1. List every residue pair whose Cβ atoms sit under 8 Å apart, with the two residues 6 or more apart in sequence or on different chains, where the first one lies in the range 197-216 and is farther than 16 Å from GLU141 by Cα and the second, anywhere, is among the basic types (Lys, Arg) and open to solvent by less than 40 Å² (accessible area, probe 1.4 Å).
2. For the range 132-164, give me the residue count where each residue is open to solvent by 40 Å² or more (accessible area, probe 1.4 Å) and on the phi > 0 side of the Ramachandran plot.
3. Taking GLN151, is it farther than 15 Å from GLY128 by Cβ, in contact (Cβ under 8 Å) with a residue 24 or more places away in the chain and over 15 Å from the mean Cα position of the chain (by Cα)?
4. More than 23 Å from HIS217 (Cα to Cα), part of a helix (DSSP H, G or I) and not hydroxyl-bearing (Ser, Thr, Tyr): does that describe ILE132?
5. Would you check if ILE167 is among the aliphatic types (A, V, I, L, M), in a strand (DSSP E or B), touching a strand residue (DSSP E or B) at 6+ places or on another chain (Cβ under 9 Å) and open to solvent by 30 Å² or more (accessible area, probe 1.4 Å)?
6. Which of the residues spanning the range 73-110 are among the polar types (S, T, N, Q) and under 16 Å from SER33 (Cα atoms)?
7. Tell me which residues, restricted to the range 168-196, are farther than 30 Å from GLY58 by Cβ and among the small types (Gly, Ala, Ser).
Amino acid sequence: MRKIIKNLLAIGALLVGTGSAYAYDYGVELKWSTDDIAQVLNTMPEQRASFKKLVESGKIKDMFVENSKVGGQKTQLLKFVMEADNEQSVREQLAKLPLYQQKFVTINHIQRLGSKWLDNTPQANNFGLTFIWKAGVEPLEIDRVLGIDLQRVIALNQVGTVTSSYINTQDLDNGVVRPTYLVAVLAKDAEQALEMSKQFEAVTMGYADVQVEPLGHKLDMSQL
């Protein structure tokens, strides 16, 4: 376990030191830009085939679906995690896909997640927890808390509560850069997900704020 934690902290150090030369994982949230469900359905076979190529190439790390509507008709919309050199690279790769070329969807939000290091794929509701260090916490204390919380993430992944986890970095107000973490957890709603975040030392000690985002149902990409 200690070796795993050391390796994860080394990943964080790598993210700090490599800058733009390192390929990161980016969370992508889409939104519909059409009310014509018939056009969307007609484009879907070509869209699936093109997107599957990204999955097979290893560019897509996670996929989630959530319920949405197009022109009042119920359908589903993807949220996914994509590997790229930078945000512009994400946009350029997605611009080649049929739904984007037809302007049926647009990118609503892109968030850099860091580097994926844990995975699990149950078919249930997922919520993303993003931990953000507060100002005034000493870097050595952050390192201590990271060691505790990364062990907690591993334990929750083993029992299936955490379905994915990413290591990222955060610039502190004193110019120091430290690893931070983002996890996808199983929960019935956002309130339960936020309550689950209180298991982490960073939250218990009052060192970090937590952002909660609904992700939807995680897809098993091996079954695509």
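1. Qualifying pairs under 8 Å: LEU215/LYS79; GLY216/LYS79.
2. 1
3. yes
4. no
5. When the stated conditions are applied, ILE167 does not pass them.
6. GLN73, THR75, GLN76, GLN101, GLN102, THR106, ASN108
7. GLY175, ALA190
Conditions tested, residue by residue: (1) surrounded by 14 or more Cβ atoms within 10 Å (Cβ to Cβ); (2) closer than 28 Å to TYR181 by Cβ; (3) more than 21 Å from the chain's Cα centre (by Cα).
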residue: GLN47; (1), (2), (3): yes, no, yes
residue: LEU54; (1), (2), (3): yes, yes, no
residue: LYS59; (1), (2), (3): yes, yes, no
residue: GLN73; (1), (2), (3): no, no, yes
residue: LYS79; (1), (2), (3): yes, yes, no
residue: VAL90; (1), (2), (3): yes, yes, no
residue: ILE107; (1), (2), (3): yes, yes, no
residue: PHE127; (1), (2), (3): yes, yes, no
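The values are calculated or read from the model by the stated rules, or taken from the named source; none is laboratory data. Just so you know, these numbers come straight off a predicted model, no measurement behind them. Heads up, the Cβs are rebuilt from the backbone with ideal geometry, glycines too, and the neighbour counts pull from every protein chain shown. Surface accessibility is based on the protein's heavy atoms, side chains included, excluding ligands, DNA and RNA. Shrake-Rupley method; radii C 1.70, N 1.55, O 1.52, S 1.80 Å.
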